[in-house]
Amino acid sequence: MEDAQLQQREANLTALAAIGPRKKRPMEQTGSQVTLLPRPSIQRVTRVMLRDLLLCMEQDRFLCHSLPLYRAML
């Protein structure tokens, strides 16, 4: 039983050594809040419906009278 646990532990350590050290996300402390900084190399694609985008554009102060909003409504 102990040999099996020892062998499992050695296998885990070997696998972790092959993977490399864990990378932690940088932390920024502002007062009592701790925020995670975004990773600059990762870009996320967010898909939205056109209706949702139009609703946001209608409510925005600068975009509510814009040409792209007018064209999207046609």
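Could you give each residue of segment 3-14 its phi-based ³J(HN,Hα) in whole Hz, using Karplus coefficients 6.51, -1.76, 1.60 with θ = phi - 60°, and x for Gly or Pro?
5, 5, 5, 5, 5, 5, 5, 5, 5, 5, 5, 5
Which net charge results for the neighbourhood of PRO68, defined as the other residues with beta-carbon distances under 14 angstrom from its beta-carbon, given Lys and Arg at +1 and Asp and Glu at -1?
Counting the neighbours of PRO68, the net charge comes to -1.
Read-outs: derived from the displayed coordinates by stated rules, not from any lab. Fair warning: this is a prediction, and the values are worked out from it, not measured in the lab. Here the Cβ is made from the backbone with ideal geometry for all residues, glycine too, and neighbour counts use every protein chain on show.
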